[in-house]
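> Here it is, the structure in full.
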């Protein structure tokens, strides 16, 4: 497909910003009520109001359906092996997430499976999951390591993420999360992660983002700070999992160290939430985690009202968020975090791209940007927030390639009649 036009669409361009959106600007979707978009190869080359120019030959009319950017899923753990169905049964019997973690399950269960899995097998597993994510509209996917917890296996995960990126139209961003848990079988684990694993990762993947899970039973605030200081010395930008179950001070640390984002925020204090909202550090909410674990959610409404720049992500992983669905993430963000549908769409596209530093290419539909877009199975974007567990978009195009096409039951004749009646 070299040049193609989508016409008769309600287009959410998300255009008009060059930095993370905050406050009222999160509700501006840059709507073109009835418009067209043309892409050539993998770039958007034109869009506008009304009908496309007559020179455009290959045109798909979508009968007023919503056309919007593909999702930017800025926080996932999509690269893993094994399963945790037994732990789900434990949870149903009353065990908490920390109970399971302390019993040797949770993250460490997946670590053992990943260590026993080859790089090639990890790539195959990852590509299978990415296909499902693409069918639900996810074009950019950040993927963390953190199920290796030693130098060889962390590098294996990051190589698998890189290997998968050469075999998919999706854009994959690997993040180093060697500080995901504490290996109970290695008394020198923390020192080795900081002094050995991190430098070797940076040597092979210069400029990689360094993340950490600061939580009781995982990395302490003191050790997180040590890791981050070393990471900054090596040229890494920072992100942190903070305040999922307990507020340990990682949000303040992230602000002080000018981290890109603080992710989770379920247990963030009002003081820290306000400080984060007024800082340049973004917040990333992960509502599927609350749905799966304990029905606790970040206070998204409060954060946005205080001026915070919020993104939302699936957190796709085998334990606390076993869902690849950004549409479900949007629905939960509206129902549980009290975001408006416009805010949730912005948080899942433009602001997600800003977390990853990719807003010059992704997150909005503008001439010159990557052709990453989706046609929803609706004519009113409020439907994506109102409904959940649906079949997903009708059409997904990533990097200029059709990666998902559902039966386009578009009644074009009926649509034409409606336009004639309006005229």
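> If you restrict to DSSP beta bridges whose two residues both lie in the chain, what percentage is antiparallel, to the nearest 5?
45 percent
> Assuming R0 = 41 Å, what is the FRET efficiency of residue 93 and residue 305, from their Cβ-Cβ distance, to the nearest 0.05?
0.55
> Provide the gained length on full extension for the span residue 85 to residue 40, in nm with one decimal, where the gain is 0.36 nm per separating residue minus the Cα-Cα distance.
That pair, residue 85 and residue 40, stretches by 11.7 nm at full extension.
> How far is helix 221-233 tilted, in degrees, relative to the longest principal axis of the Cα atoms in the chain, given as a value from 0 to 90 rounded to the nearest 10?
70 degrees
> With 10 angstrom as the radius, rank 72, 284 by how many other C-beta atoms surround their C-beta, starting from the fewest.
284, 72
> With the contact rule set at Cα under 8 Å and sequence spacing of 6 or more, what percent relative contact order holds for the chain?
21 percent
> In addition: Can you pull the one-decimal nm distance between simple spin-label points at residue 57 and residue 360, each 7 Å off the Cα toward Cβ?
3.5 nm
> How high is the FRET efficiency from residue 196 to residue 119, r the C-beta distance, R0 22 Å, rounded to 0.05?
0.65
> Further, regarding this structure: Fewest first, what order do 404, 75 take by the number of other Cβ atoms within 10 Å?
Fewest-to-most ranking of 404, 75: 404, 75.
> Shifting gears a bit: Between residue 152 and residue 185, what is the spin-label point distance in nm, taking each point 7 Å from the Cα along the Cα→C-beta axis?
Simple spin-label model gives 1.2 nm for this pair.
> Take the Cα of residue 27, step 7 Å along the line toward its Cβ, and report every residue of the range 300-319 whose backbone nitrogen sits under 17 Å from that point.
The answer is 300-310, whose backbone nitrogens lie closer than 17 Å to the label point.
> Okay, next question. What distance in nm separates the two pseudo spin-label positions at residue 18 and residue 379, each 7 Å out from Cα along the beta-carbon direction?
Computed distance between label sites residue 18 and residue 379 equals 3.8 nm.
Throughout, read-outs are computed from the coordinates displayed, never taken from laboratory work. Note that the coordinates shown come from a computational prediction; the quantities given were computed from them, not determined experimentally. FYI the Cβ positions are ideal-geometry reconstructions off the backbone, even for glycines, and counts take in every protein chain you see.
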